[in-house]
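Working notes, beginning with the structure itself.
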Amino acid sequence: MKKVDAIIIGGGPAGLAAAIELHKNGITDILILEREKQMGGILRQCIHDGFGLTRFKTTLSGPEYAQRFIDEVIKLYIPFKTDTTVLEIADDQTYSDDQANSNNQTKSANQPNTYNKIITAVSKDGLIQYQAKAVILTMGCRERTRGALAIPGERPAGVFTAGVAQAYMNLYNRMPGKEIVILGSGDIGMIMARRFTLEGAHVQAVLEIQPVPSGLPRNIQQCLNDYEIPLYLNHTVTEIHGNARLTGVTVAKVDEHLKPIDGTQQYNSCDTLILSVGLIPENELSIDAGVLLDQRTKGAIIDEHFQTNVEGLFAAGNVLHVHDLVDFVSMEAEKLAESAAVYIKEGKLPNCSIEIKTDHNIGHTIPQKISGNQDVNLSLRVKSLLKNCKIVICQNGVEIASRKMKKALPAEMIYIPIKANKIKTMDYLEVKVEC
Amino acid sequence: MKQEQLYDVLIIGGGMIGSAIAREMSRYKLKIGVLEKNLDVCYETSGRNSAVVHGGFAYDTGTLKARLCVEGNQMMEELSQELDFSFKRCGKVLVGNTEEEMETLERTLKQGEKNGSTGLEIIDEERLHELVPAVVGKFALFSPNSGILDPFAYTIALAENAHANGVDYFFDREVTDIIRKEDGTYLLTVCEKNVSRPGNVLSTNTTSNPHPSTHKKQEFTCRWVVNAAGLGCGKISEMLGIKGYKIIGSKGDYIILDKRTGALLPMPVYPVPSNTYMGIHVTNTIDGNVTVGPNAELVTDFEYYGVPQESMDYLAESASNLWPHIHKSDYIRNYSGILPKWVDENGAIQDFKIEILDSIAPNAINLIGIESPGLTAAVPIARYAINLMKEREELEENPEFNPKRNGIKRFSELTTDEKSQLIKDNPDYGEVICRCEMVTKSEILQAIHNPLGVSTLTGVKYRTRTMMGRCQGGYCQMRLEQMIEEELEKKETEVLYGRQGSWVLSGKVREVDYS
C-alpha cells in the first residue's frame with residue numbers, strides 16, 4: 001500500500017488551493033485524486049467571467065481562475081491523479097506500519113500508526129489503496145433535482161438542472177432546448193438564462209418561490225435585467241406536462257407559506273425546464289467514513305481547524321457549506337491547509353470544545369466548534385431577509401463580536417471575526433440577531 | 001408496404017408477460033416474434049410497480065392468481081440463477097393494530113395456507129420489532145417466502161434470453177389492426193411512430209424541425225397470435241374479435257427514497273389489506289432504496305403517468321403511520337404505474353383470464369387483466385398459456401434451447417479483490433461514470449450495445465442503474481448521451497430519453513463540433 005502524508009479528494013478550487021497551501025506549509029508528500037479527466041472541478045464549465053475579484057483583484061473566467069491554481073500545482077510538482085474515483089475512506093487503526101511496509105524496520109510495532117487512513121480508489125490502471133496521515137475532503141456539491149424537490153406532474157425529457165444544461169452547452173457543445181423556463185433564481189440559473197439567450201434560445205421567465213432572489217444582486221442585473229428576462233418572485237412550477245418531451249409547465253403564485261394560490265395557475269408552453277433550486281454538499285464518502293454532518297449545511301460539523309469529528313479528516317469548500325463565490329472557497333481551503341499541515345507534523349491539534357449555537361434567524365455557522373485560543377473568522381447565513389439589524393456573538397450574555405448590517409440576505413454569506421482575547425470561558429457562544 | 005416473413009407465433013407486447021411467454025415458447029421449435037409498441041421492454045406496468053414477489057396468500061383460493069402466484073414464488077431462486085437477475089427472499093409483514101385487523105389477518109393466513117403459501121405466521125409486537133425495528137404496529141402476519149426483485153432486470157433478462165434462443169424483438173411496433181385471413185393465418189398491421197432512427201426516416205421534411213415525426217405502416221403474418229398487451233389487452237382482444245372485456249386502470253403513485261434509508265427497512269411493510277387493494281406500503285428495493293406507495297386511483301387514460309402533489313402528500317402521511325423514516329429530504333424521485341384490471345359490469349375485479357376461443361379466434365392466446373401478481377406469476381402464466389397451445393398443436397422441443405443468460409456484471413456489487421481483478425481484465429471497469437450508483441464505463445458500453453438493440457437513455461439506465469441515484473444523472477448524463485452518440489453513430493438530435501419523441505437535445509450550440 002502506498003503511503004502519503006495528505007490525500008486530497010477532489011481537484012476543484014478547494015482541493016487545488018489546499019494542495020498549494022499545504023506545500024507552502026512544508027507538506028510536500030501530497031496526492032490529489034480527481035474523478036474527471038482534468039482538474040478544475042465545476043469551474044471547467046463556468047465560462048462566464050466574474051471569478052477572482054476578491055482573490056486576485058481581477059475578473060477571470062472559471063477555467064482561467066482554475067488554471068492559475070493548476071499551473072501552481074504543476075510548478076510545485078504536486079502529484080495528482082485524474083480519471084480516478086475514490087470508493088472509500090476507512091479509518092483503520094489496526095494497520096501497523098510493519099504490515100503496510102515490511103521494509104520499514106526503524107519503527108517499533110507498538111508505536112501508534114500515523115498513516116491510519118485507508119483510501120481505496122479506482123482508475124483504468126486498477127484498484128489502488130493508499131495509507132494517509134490526513135485526508136482533505138474537497139468533493140464540492142451536487143444540484144438539487146426535480147425528484148428531491150418533488151415537483152408534481154409527468155416525467156418527460158427536457159427537465160435539466162442548471163449545471164447539467166451548462167455542462168451540455170459549455171463542455172459538450174449541445175443545446176438542451178429552445179423555449180426555456182427557469183425555476184429558481186440561484187446564480188447558476190441566472191447565468192444560464194443569459195447563456196441560453198446568447199445562444200439563440202428564448203428564455204420566457206425565471207421563477208422564484210421565495211419573496212427574495214436566491215442569487216447575487218449582480219447576477220440579477222447582468223444576467224436578467226440586461227437581457228429583459230422577467231423574474232417572477234413568489235412563483236413556482238406546480239405541474240410538469242408531457243409524456244415524451246416537455247410540452248409545458250403550470251406556473252402559480254404562492255402565498256406567504258409558499259403554497260400555490262388557487263386560481264393563479266397558468267399553463268406555459270415550453271420545451272425545457274431548468275432547475276436552479278439549490279446545491280447539496282456531496283458527502284457520501286464522508287458519511288461512510290463516519291463523519292457527522294450538520295443537518296443545516298449538509299456538510300461536516302467542523303472545528304476551527306476544519307477538522308471533522310473523525311481525527312485526520314478535514315473538509316472545506318462547497319463540500320462543507322455552499323459558498324457564493326469561488327474566491328471564498330479557495331481562501332477557506334487555504335485556512336484548512338494551514339491547520340492540516342500542523343496536524344500532519346505534530347499528530348494532533350488543539351482541542352475545540354466551545355460550541356457555537358444560533359438563534360432562529362441564523363441558518364448556520366462555520367465552524368461549529370472553536371478552541372478559544374486563536375482568532376477565528378466565523379461564516380454564517382441568515383435565514384430570511386433582515387433589514388437594519390445587528391448580528392451579535394455573545395458568551396455568557398456578554399457581547400464578544402458583532403456586525404451591523406443595513407440589509408442581510410440569505411444569498412450572501414456573512415463573515416464576522418472573533419478575537420481570542422475576548423473569549424473568557426469555555427462556555428458556548430451564541431450567535432443572534434438584534435433588530 | 002414492407003412485409004415480414006411468416007411467423008409461427010407473434011406475441012403482442014414485450015413486457016414481463018410477453019417476454020416470459022417468448023422465453024418459454026423458445027423451448028420449442030417455433031419461429032417467434034415479439035411486437036412491442038415502446039422502445040424498450042419495461043416502459044409500462046412491468047417496470048412500474050412495487051417489485052414485490054408475493055407469497056400468494058392475498059388471492060381467493062382456487063383462482064389463477066392464487067395458484068400461479070404460489071408457483072411463481074417457488075421457482076424464483078431458480079429463475080434468478082438461470083437468468084442472472086437479483087432476487088431476495090427477504091420476507092414481508094402485514095401490520096395490524098385492531099381486533100378487526102387481527103381477524104382479517106387470521107382469515108388471510110388460512111386462505112394463504114389453502115393456496116399453498118407456506119411458512120405464514122401471526123407474530124406479536126416483540127417479534128415484529130425484531131424483524132423490522134422501526135415499524136409501528138401491535139402484531140403482524142409474517143410471510144417469510146415473500147421477496148423483492150429488480151423488475152427492469154427481470155423483464156430484460158427474460159427478453160434477452162428469449163432473443164438468444166431465436167426470438168425476434170421489434171420495438172416501436174404498435175399493432176393497429178388484426179385480420180384473420182382465409183388460410184387461417186393472422187395479418188397484423190403495425191404502426192411505427194418513431195423518427196430519428198437511422199434507416200427508418202421516411203419524411204423528407206427534416207429541415208425545419210430537428211425532430212420530425214413520421215409514421216410508417218408495416219405488416220406481419222403469423223399462424224399463432226398472443227395477446228400479452230398488458231394495458232392494451234382490451235383493445236387487442238377486440239381486434240381479435242373477442243369482445244366485451246371491460247378493462248380499467250388502477251393507477252398507483254410512488255415516492256423513491258435515498259439509499260441511506262434502505263438499511264432501516266429489511267423487508268416490505270404492508271398494512272392489513274382490504275378485499276380489493278393491498279394498501280399503501282413501504283418496500284425495500286433490491287438495490288437498497290425504499291419506495292413508498294401506491295395509492296389506487298381508477299383511471300381510463302392509460303398513458304398519463306403524472307404524480308400529483310396531493311398524492312405525494314397522502315403517500316407520505318399514510319405510510320408514516322407504518323414506518324417513521326419518511327422525510328422529504330430523502331426523496332429522490334417519484335413514479336407511477338397502472339395495473340390493467342378486468343372488471344365485471346359491477347366493477348368487481350376478476351381473476352386473470354388466459355384463454356383460446358376456438359370459435360371466435362382460433363390460434364389466438366388471449367391474456368386479459370394480467371395485473372398484480374403478474375410479476376411473481378409471469379413464468380407460470382407463460383407455461384399455462386403454452387399448455388393451452390399444446391392442447392391444439394404438437395410442439396417439438398428445441399434441442400438448442402439454453403435457459404442460461406448472463407447479465408452485465410455490476411462493479412458496485414463486487415468485493416475489493418473482485419473489483420481489482422475485473423479492472424485488470426478490462427480497464428473500462430476502472431472508469432466510474434455514475435458516481436452515485438458506482439456504474440463503470442464498461443457496464444455502460446455493454447448496456448449501449450445490448451442484445452435487444454435498445455438505444456435510449458433509459459435503456460442504459462434500466463440495464464445499469466446509472467442515473468437512478470440521488471443526483472439523478474446530474475453527474476453522468478452528459479457522458480451517457482455522448483457515449484450513445486459515439487457508439488451508435490447517432491446525431492445528437494436522434495438520442496431519445498425514453499419514449500418516441502422524447503428528444504434530449506435540440507442540436508449543437510455551434511455547428512463545428514469541438515467536443
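Points to keep in mind about this one:
- Going from the fewest other Cβ atoms within 10 Å to the most, the residues A:H321, B:H449, B:H163 appear in the order B:H449, B:H163, A:H321.
- Given charges at beta-carbon only (K, R positive; D, E negative), |dipole| of the protein assembly as shown in Debye: 1960 debye
- Sequence-separation-based contact order of the range A:355-434, relative, with Cα cut under 8 Å and 6+ spacing, percent: 40 percent
- Fewest neighbouring Cβ atoms within 10 Å first, the residues B:C191, B:C222 line up as B:C191, B:C222.
- Non-local lysine pairs in the range B:411-494, meaning eight or more places apart or on different chains, with alpha-carbon distances under 23 Å, amount to 8.
- FRET efficiency estimate (nearest 0.05) - Cβ-Cβ, A:T425 to A:H202, R0 45 angstrom: 0.15
- Neighbouring partner chain Cβ atoms per residue of B:465-473, average, 10 Å criterion: 4
- Label separation (A:T58 vs B:E182): 8.9 nm, computed from points 7 Å beyond Cα along the C-beta direction.
- Rounded to the nearest 0.05, the FRET efficiency derived from the C-beta distance between A:C435 and A:I261 at R0 = 22 Å is 0.15.
- Peptide A:119-125 shows a mean partner chain C-beta count of 5 within 10 Å per residue C-beta.
- Spin-label zone in the range A:383-412 - amide nitrogen under 18 Å from a point set 7 Å from the Cα of A:Q221 along the C-beta vector: A:406-409, A:411-412
- Remark: relative contact order (the range B:411-494) = 24 percent; criterion is Cα-Cα distance under 8 angstrom and separation of 6 or more residues.
- Projected label distance in nm at A:N309 and B:K31, using a 7 Å step from Cα toward the beta-carbon: 6.8 nm
- Partner lysines for A:K383 [C-alpha distance under 19 Å; skip if fewer than 8 residues away on the same chain]: A:K259, A:K298, A:K357, A:K404, A:K406, A:K407, A:K432
- Placing unit charges on each Cβ (+1 for Lys and Arg, -1 for Asp and Glu) gives the range A:145-277 a dipole about its Cα centre, and among A:C270, A:Y232, A:P213 the Cα reaching farthest toward its positive end belongs to A:C270.
- Difference of contour (0.36 nm per residue) and Cα-Cα distance, B:M102 to B:E391: 99.6 nm
- The modelled label-to-label distance between A:K357 and B:E297, using points 7 Å beyond Cα along the C-beta direction, is 4.6 nm.
- Other protein chain Cβ atoms within 10 Å, averaged over every residue that makes up A:175-188: 2
- Basic side chains Lys and Arg get +1 at the Cβ, acidic Asp and Glu get -1 at the Cβ, and with that the dipole of the range B:95-161 about its Cα centre reaches some 220 debye.
- Computed lengthening from B:E355 to B:E310, 0.36 nm per intervening residue step minus Cα-Cα distance: 12.2 nm
- Likely footprinting exposure, B:T155, B:T416, B:T464, A:T308, fewest C-beta neighbours within 10 Å first: B:T416, A:T308, B:T155, B:T464
- Taking 4.7 Å between C-beta atoms as the pairing limit, chain B has these partnerless cysteines: B:C42, B:C69, B:C90, B:C191, B:C222, B:C233, B:C436, B:C471.
- Remark: relative contact order (chain B) = 19 percent; criterion is Cα-Cα distance under 8 angstrom and separation of 6 or more residues.
- For A:G299, residues with placed amide H under 5 Å, excluding near neighbours: A:D294
- Under Karplus coefficients 6.51, -1.76 and 1.60, residue-wise ³J(HN,Hα) of the range A:235-250 in Hz, glycine/proline x: 10, 8, 8, 9, 7, 9, 10, x, 9, 10, 9, 3, 10, x, 10, 8
- Ranked by how many other beta carbons lie within 10 Å on average, peptides A:422-430, A:166-174, A:376-384 from highest: A:166-174, A:376-384, A:422-430
- Restricting the range B:424-515 to GluC sites (Glu not before Pro) in coil, as DSSP defines it, with at most 11 other Cβ within 10 Å: B:E489, B:E511
- Listed residue pairs exceeding 23 Å between alpha carbons, taken from B:K92/B:K114; B:K235/B:K341; B:K31/B:K181; B:K37/B:K235; B:K217/B:K390; A:K3/B:K409: B:K217/B:K390; A:K3/B:K409
Bear in mind these aren't lab numbers, they're just calculated from the coordinates by the rules spelled out. It should be emphasised that the depicted structure is a prediction, and the values quoted were computed from it without experimental measurement. As a convention, Cβ positions derive from the backbone with ideal geometry for all residues, glycine included, and neighbour counts pool all protein chains shown.
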